[in-house]
Structures are given as structure tokens and as C-alpha cells.
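No value in this document is a laboratory result; all are computed from the given coordinates. On a predicted model such as this, the values are computed, not experimentally measured, just so you know. Note that each Cβ is placed from the backbone with ideal geometry, even for glycine, and that neighbours are counted across all protein chains shown.
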Amino acid sequence: MTENNEPQIPTEAPTDHSKRDAETQKVLGIFITYISIPVVIGTYWAETTRAMVVNATAGLVLFGIGIAMAVWGAKTSKKLS
């Protein structure tokens with residue numbers, strides 16, 4: 001007989017991290033929304049039309065993503081409570 005030196009894999013069920021994930025999404029959404037505001041404001045100082053369009057589009061997309069993440073996190077967190 002030979003000994004098996006391989007590590008044993010635990011057979012326990014994984015812990016549910018849904019509450020933590022929802023809170024993380026909420027905070028990350030608020031952060032992305034906060035970061036998008038200077039991008040949108042920076043559109044005012046853009047020198048070319050192309051730069052204005054790029055800044056405005058990027059800022060609004062970031063703002064939308066941030067709001068969506070924050071709302072999703074808040075709804076999920078409230079549902080799990």
C-alpha cells in the first residue's frame with residue numbers, strides 16, 4: 001500500500017456570497033457614476049467636435065453603467081434582506 005499525499009478537497013457546500021456581491025455592485029456603481037461626471041464636464045473644454053462627441057458619449061455610457069449597477073445592487077440587496 002502506498003500513501004496518497006494529494007490534498008483532500010472539502011466536500012462542503014460553497015458559501016452564498018449574494019449579499020456581499022450586491023453591496024459590491026452598489027458601491028462600484030456609485031464609484032463609476034462619480035467618475036463619469038468629470039468626463040461629461042470635460043466635454044465643455046474639448047477643442048474639436050470629434051473630442052466633444054467622444055467625451056460626451058463615454059461620459060454618458062459610464063453614467064448609465066454606473067446607475068444600472070447601483071440600482072441592481074440596491075434591488076438585490078433589498079431582496080436578500
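Table for the structure above
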| item | result |
| --- | --- |
| Distance (nanometres) between label positions extended 7 Å along Cα→Cβ at Asp16 and Lys75 | 1.9 nm |
| GNM flexibility winner over the chain from Thr24, Thr33, Thr49 (Cα, springs under 10 Å) | Thr49 |
| Difference of contour (0.36 nm per residue) and Cα-Cα distance, Asn5 to Ala58 | 13.7 nm |
| On Cα atoms only, tilt of 49-80 relative to the major axis of the chain in degrees | 40 degrees |
| Extent along principal axes [Cα atoms of the chain; Å; largest to smallest] | 78, 36, 13 |
